[in-house]
Amino acid sequence: MKALETDQAPKSGESVAEYVCRLREGLGLTQKQVALKAGLHVQSLGKLERGKTTRLNRKTINGLSHALQVPGEYLESLYRGTPVETVQSVKFCPQCWVPGTPPDALWTNVRAKYCFECGEQLRNRCLSCDELITSLKHRFCPYCGQAYKLPKSKTLKS
Ligand SMILES: [Zn+2]
Ligand SMILES: [Zn+2]
């Protein structure tokens, strides 16, 4: 859990409602502004913050993670009730990463989405099977055998 902006990570015992509300207020945004950014109805966000929403779909999670500038994993882990530690993943540039080396801190920063070096979208999931990548000690996905590093020529559609 080092190198994380801890105030952005969910606190233990915090509900999705409390977490979303805290982040929103931390950013000084109104429900309307966040809803707009997240592509949600302001009523839906209001409901969520009052703890009336028990189901979050992928679109809502993605929207909120964008609007509140936190990794989707944080919201997802709260929603599922799993500790954040277990879903900590490694974010890296599949083009610039050198196998056998740790990922650059500029990639693993929670707010980083694109590579500072080449502009490629950063990855924290296997490109082939979509499993979260939790360690770059290995060069290949343990689930499907896909190499984490991409050949330079291959570009990603995302
Ligand atoms: Zn790169
Ligand atoms: Zn895989």
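Remarks
- Restricted to segment 61-89, and to residues there that are of a type in the set (Val, Ile, Thr) and at pLDDT below 85, the residue that is farthest from LEU29 (Cα to Cα) is THR86.
- Residue match in segment 94-115 (condition: within 16 Å of ligand 2 (Cβ to nearest atom), surrounded by 14 or more Cβ atoms within 10 Å (Cβ to Cβ) and at pLDDT 90 or above): yes
- Qualifying residue in segment 121-131 (condition: in the same structural domain as GLU25 (by TED's automatic domain parsing) and open to solvent by 80 Å² or more (accessible area, probe 1.4 Å)): no
- Condition met for VAL42 (over 18 Å from GLU18 (Cβ atoms) and out of contact with any Asp or Glu (no Cβ under 6 Å at 6 or more places or on another chain)): yes
- Of everything listed in (1) among the acidic types (Asp, Glu); (2) part of a loop (DSSP other than H, G, I, E, B); (3) open to solvent by 50 Å² or more (accessible area, probe 1.4 Å), the single unmet condition for GLU14 is (3).
The values are calculated or read from the model by the stated rules, or taken from the named source; none is laboratory data. Everything numeric here is computed off the predicted structure, so don't read it as measured data. Don't worry about glycine lacking a Cβ; one is built from the backbone with ideal geometry, like all the others, and counts go over all protein chains shown. Calculation scope for accessible area: heavy atoms of the full protein, side chains included, ligands and nucleic acids excluded. Shrake-Rupley method; radii C 1.70, N 1.55, O 1.52, S 1.80 Å.
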